[in-house]
1. Considering the range A:168-184 alone, what residues qualify as being without any contact (Cβ under 8 Å) to a residue 24 or more places away in the chain and either at the interface with chain B (Cβ under 7 Å from one of its Cβ atoms) or under 15 Å from residue B:154 (Cβ atoms) (or both)?
2. When the residues of the range B:134-155 are filtered to those that are within 8 Å of another protein chain (Cβ to nearest Cβ) and more than 24 Å from the chain's Cα centre (by Cα), which remaining residue is modelled with the lowest pLDDT?
3. Here are some conditions: (1) within 11 Å of chain B (Cβ to nearest Cβ); (2) modelled with pLDDT of 90 or more; (3) within 24 Å of residue A:6 (Cα to Cα). Residue A:67 meets all but one. Which one does it not meet?
4. Could you give every pair whose Cβ atoms fall below 7 Å, whose first residue belongs to the range A:20-49 and is at the interface with chain B (Cβ under 8 Å from one of its Cβ atoms) and on the phi > 0 side of the Ramachandran plot, and whose second residue is part of a helix (DSSP H, G or I) and surrounded by fewer than 17 Cβ atoms within 10 Å (Cβ to Cβ), counting only separations of at least 6 or pairs across chains?
5. Within the range A:145-159, is there a residue that is under 23 Å from residue A:65 (Cα atoms) and without any contact (Cβ under 8 Å) to a residue 60 or more places away in the chain?
6. Report every pair of residues separated by at least 6 positions or lying on different chains whose Cβ atoms are under 7 Å apart, first residue within the range A:79-107 and more than 10 Å from chain B (Cβ to nearest Cβ), second buried (at least 24 other Cβ atoms within 10 Å of the Cβ) and not in a helix (DSSP H, G or I).
7. Suppose we filter the range B:185-204 for residues that are within 14 Å of another protein chain (Cβ to nearest Cβ) and part of a helix (DSSP H, G or I); how many remain?
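The values are calculated or read from the model by the stated rules, or taken from the named source; none is laboratory data. Just so it is clear, the model here is predicted, and its values are computed rather than measured. Every residue, glycine as well, gets a Cβ built from its backbone with ideal geometry; the counts of neighbours run over all protein chains shown.
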């Protein structure tokens with residue numbers, strides 16, 4: 001199995017910084033969306049809709065670097081960048097970063113870091129959604145919601161993670177494969 | 001306080017208050033973090049931002065839980081104060097810790113392999129170049145009448161290509177300057193890790209445990 005070398009470490013960090021800049025840039029979008037939905041008691045939906053963008057660093061790093069731990073490290077570093085750029089959620093950003101990264105890492109673990117296609121992405125989407133949702137059940141008190149609303153939140157999150165962490169990552173991967181930078 | 005221990009402390013406390021529901025401890029943590037920020041002369045505008053944003057999110061979440069769930073008042077207060085614990089503790093950490101000093105401390109005190117420490121630092125110094133690259137890629141696309149959004153694969157594709165180029169060059173540059181992975185290193189600047197840091201770290205953790213488990217509301 002491949003091991004970490006200085007080039008891979010720099011690469012995963014640069015990708016994480018790039019994603020961190022994006023995480024940070026969509027902060028205001030999140031706030032506006034949340035404000036629009038808040039009066040109806042739907043504020044968590046804003047979180048669910050955009051979550052896919054926040055968790056993208058994981059699968060992207062996992063696909064480009066293909067070393068065990070890449071997804072976790074990519075997402076964690078993205079969270080660090082967001083934190084130091086002035087994201088306000090502090091320590092909980094780091095915890096979420098590790099969990100989101102590990103969630104998508106699980107998808108790669110289940111396929112043994114051997115297959116890099118739709119199946120892995122679908123797995124990764126599912127594991128990311130489950131891990132992060134379990135965390136929100138505890139952290140944000142989601143466990144107190146009525147079941148139908150909880151299911152709605154879960155489905156929206158799954159969809160969002162699939163669109164950004166799955167479809168978009170696959171499209172980026174396709175471009176990289178066509179450019180002969182990555183193997184299929 | 002030593003940066004690595006500080007990071008460990010806020011992460012552990014944040015993790016713990018996420019599981020245990022004691023709002024009085026949350027309030028104490030908020031007050032202590034606020035005092036620490038005031039002592040360290042954090043600008044007022046920053047403090048205001050650190051208060052207004054979570055105020056909005058915490059209220060919206062509580063409102064949503066009231067409308068669509070069946071949480072007790074106690075639980076709602078816990079959730080509300082918890083948000084502020086995250087934000088204030090995080091604010092204290094980020095506003096009083098320099099990333100460079102943190103990385104050095106992680107390498108020297110927390111025994112992070114030096115290839116990671118220097119790899120991170122090398123990449124973090126490219127931050128302005130990365131931001132410039134994003135604007136360049138977007139401008140270049142605009143010249144061909146193409147608008148690149150957050151959801152455009154092409155934007156990511158081009159930036160990843162640039163990232164691969166840079167990481168090759170940086171790694172080569174570091175190797176040619178004598179950086180050897182895993183080789184023993186000396187440090188021109190050492191980050192102190194003294195008994196006082198450990199006392200502060202353990203003391204705070206013990207205090208939090210006492211607060212959480214003596215039956216406070």
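1. A:171, A:174, A:175, A:177, A:178, A:179, A:181
2. B:151
3. Residue A:67 satisfies every listed condition except (1).
4. A:41/B:67
5. no
6. A:100/A:55; A:104/A:55
7. Residues meeting the conditions: 1.
Residues checked against (1) at the interface with chain A (Cβ under 7 Å from one of its Cβ atoms); (2) touching a strand residue (DSSP E or B) at 6+ places or on another chain (Cβ under 7 Å); (3) assigned to a helix (DSSP H, G or I); (4) within 21 Å of residue A:3 (Cβ to Cβ):
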position	(1), (2), (3), (4)
B:159	yes, no, yes, no
B:163	yes, no, yes, yes
B:168	yes, no, yes, yes
B:171	yes, no, yes, yes
B:183	no, no, no, yes
